[in-house]
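K.L.:
Supplied in C-alpha cells, the structure appears directly below.
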Amino acid sequence: MDVNCISDKIYYIGVNDRTTAKFEAMWPLPYGVSYNSYLVTGPDKVAIVDGVEVGHAARQIDEIKSRLGDRKPDYLIINHMEPDHSGGISALRAVWPDITIVGNGQTINMVRGFYGVEGSVLKVKDGDTLSLGEGVTLRFALTPMVHWPETMMTYLVEEETLFSGDAFGCFGALAGYVLDGGAQTEMYLAEMERYYASIVGKYGQFVQKALQKLQPLAISTICPTHGPVWRSHVARVVDLYDRLSRYEPLDNGVTIVYGSMYGNTAMMAERAAHELACAGVGPIEMFNASTADLSRLLAAAFRHKGLLIASPTYSEPIFPPVKTFVDGLVIRGLKNRDIVLVGGCSWSERASALMAELLGTDLPRTTFKHAGSCDEHDAVRKLAAELGTRINN
Ligand SMILES: Cc1cc2nc3c(=O)[nH]c(=O)nc-3n(C[C@H](O)[C@H](O)[C@H](O)COP(=O)(O)O)c2cc1C
Ligand SMILES: [Fe+2]
Ligand SMILES: [Fe+2]
C-alpha cells in the first residue's frame, strides 16, 4: 500500500524538513516539520493544493513529474501565502508556465508582491467552486487570520476532505506514515498545542469564526499544511482547536514560570510548587524562563488553568526573559486563567507591579526582598495555597 495515497484522487506530495532548527527563525523543531502539499486529480484537470518551502521545490517537482507522467498540473491552489507554503511558486511556474494560480484577491496581491508572478490567475471568493471534472469539486472557504489575512481553506466536496492550511497543523516531520492512523499521534497532538500557542494563539476569535463556517460541512479527512493527515482523530483535533481558540484551559494544572539570576526567585517558585503539590494540584509544569523555550511556556499557559509568574526586578523593570513570556501572553490575549504574581527585589520592587499592569491590576501578588524574610516566604506559600484552593474548587 502506498501510504502517500490519501484516496484515489488525493496524493501526498509534501516534504520533510529536519534541517531547519527554528521555525520562523524562532520556534525550535525537535522533531522537524513537514510542509504538506497535495495533488488532487480529476478526470479533466489536476490541481496542486498548497506548496512547499523554497529549498524543497526541486524535490517536489520531481515527485509531481513522476506521479503525473504525461499529464501536467493545471492549477496551483494557494490556501496560505506564508513562504513555508508559497516559496516554491516561482520554481513550479518555471517548469509549468501555464499553471493557473488559484487564490482570493489578497492571495493574488501577495503572489505578485513576494514573487513578482503574473500570468494566469483565478481569483476566487468565499463559497466559489472549481471542478476538476465529474465527481471532483473543490469549494473555497475564506478563513482570514488563520493565520494571515489571505488564509482560506479548500474542501473536496465528494470526499468530505478539508485542506485546512495551518489550522489543525502541527510541528513534527512525518516519519513514513502520512495518515494519523499509523503515526505517533500523541507526539503530534502535543506538537499541535505548541504550534497553536506559538503561531496561531493570537487569532482565537478568527479560529472560532472559521470553525463556525466549517460547522455545516461533513469532514472525514483533514489535510493540513503541517503534520499528519487527520482521519482517525478528526473529532479530537477539531475539539482541541475549538477549546484552544476559546481560550479554555485543557486541564486543572498550573504553569509556574520564573526568572532568577542568583536563585532567590527560583527558591520562591520552588516553595510555590511544593505548596501546590501539597494541595493536590496537578499537573504542575515549571519553567526557568532563561533556559526553557518560549514555545513550551506558552503551550503550558494555554493548557493549564493556573499560572504563577515570579520575576526579580531587573534594572527597574521585569527580568527580561520573564518579560518576553508576559508579552507573549498579552499578544495572544490569553484569557480565563487564574494568575498570581511574585516579585523580588533588593531595594525597590517593580517586577510584580509591572506584570500586574500588563496582565491585570487586580491579580493577587506578593513581593520579597533579598532572600526573603520568613513572612515573605509565608506570603508566597499562602498565595500558592490559595491558588490551589481556587483551582481545586
Ligand atoms: C543586574 C541586576 C539588576 C537589578 N536591578 C534591580 C532593581 O532595579 N531594583 C531592585 O530593587 N533590585 C534590583 N536587583 C536586585 C534583584 O531584583 C534581587 O536581588 C532579586 O531578589 C534577585 O533575585 P534572584 O536571586 O532570583 O536573581 C537587580 C539585580 C541584578 C543582578
Ligand atoms: Fe502560517
Ligand atoms: Fe505554515
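The values are calculated or read from the model by the stated rules, or taken from the named source; none is laboratory data. Values in this document were obtained by computation on a predicted structure and should not be read as measured data. For neighbour counting, all protein chains shown are included, and Cβ atoms are generated from backbone atoms with ideal geometry for every residue, glycine included. Note: accessible area is taken over every heavy atom of the protein model, side chains too, but ligands, DNA and RNA are not part of it. Shrake-Rupley method; radii C 1.70, N 1.55, O 1.52, S 1.80 Å.
K.L.:
Which cross-chain or sequence-distant (5 or more) residues have an amide H under 5 Å from the amide H of Phe23, H modelled 1.01 Å from N in plane?
P.N.:
Amide H neighbours of Phe23, under 5 Å, 5+ apart: Leu29.
K.L.:
Please list 353-359, 15-21 highest first by mean number of surrounding beta-carbon atoms within 10 Å per residue.
P.N.:
353-359, 15-21
K.L.:
Another one. Which of the aspartates and glutamates could be linked to Lys72 by a straight reach, that is with a Cα gap under 12 Å, when you skip same-chain ones fewer than 8 residues away?
P.N.:
List returned: Asp44, Asp98.
K.L.:
Okay, moving on. Counting only heavy atoms of the protein chains, get the accessible area per residue of the stretch 195-283 (1.4 Å probe) and round it to a whole Å² value.
P.N.:
Ligands and nucleic acids excluded, the result is 39 Å² per residue.
K.L.:
Find how many whole Å separate the alpha carbon centroid of the stretch 11-62 from the alpha carbon centroid of the stretch 237-281.
P.N.:
If we compute the Cα centre of each part, the gap is 35 Å.
K.L.:
Here is a further query. From the square roots a ≥ b ≥ c of the eigenvalues of the alpha-carbon gyration tensor of the chain, which class results: rounded (a/c under 1.5), prolate (a/b over b/c), or oblate?
P.N.:
Here the chain falls in the prolate category.
K.L.:
What's the local net charge at Trp27, with K and R +1, D and E -1, over the other residues with C-beta under 9 Å away?
P.N.:
Surrounding charge for Trp27 is 0.
K.L.:
Which of rounded, prolate or oblate describes the stretch 254-386 when judged by the alpha-carbon gyration tensor and an a/c cut-off of 1.5?
P.N.:
Rounded.
K.L.:
Same structure, new question: In whole percent, how big is the carbon plus sulfur part of the accessible area of the stretch 254-386, probe 1.4 Å, protein atoms only?
P.N.:
After summing per-atom areas, the C and S share lands at 52 percent.
K.L.:
Same structure again: Any chance you could run the full-extension gain for Val330 through Lys209? It's 0.36 nm times the residue separation minus the Cα-Cα distance, nm to one decimal.
P.N.:
In short, 41.4 nm is gained.
K.L.:
Now for a separate question. What's the angle, to the nearest 10 degrees (0 to 90), between helix 204-214's Cα axis and the longest principal axis of the chain?
P.N.:
Once rounded, the angle reads 40 degrees.
K.L.:
I'd like the distance between the alpha-carbon centres of the stretch 123-150 and the stretch 292-325, rounded to an integer number of Å.
P.N.:
Distance between centres, Cα-based: 39 Å.
K.L.:
Can you tell me what share of the DSSP beta bridges in the chain is antiparallel? A percent to the nearest 5 is fine.
P.N.:
So the antiparallel bridges in the chain amount to around 40 percent.
K.L.:
Can you run phi through the Karplus equation (6.51, -1.76, 1.60; θ = phi - 60°) for the stretch 182-192 and list ³J(HN,Hα) in whole Hz, with x for Gly and Pro?
P.N.:
Karplus values, whole Hz, x for Gly and Pro: x, 8, 7, 3, 5, 4, 5, 5, 5, 5, 5.
K.L.:
Further question on the same structure: Just subtract the alpha-carbon distance of Met26 and Asp8 from 0.36 nm times their residue separation and send over the number in nm, one decimal.
P.N.:
Full extension of this stretch gives 2.7 nm more.
K.L.:
Okay, moving on. On a 0 to 90 degree scale, rounded to 10, what angle separates helix 264-278 from the longest Cα axis of the chain?
P.N.:
Computed tilt is about 80 degrees.
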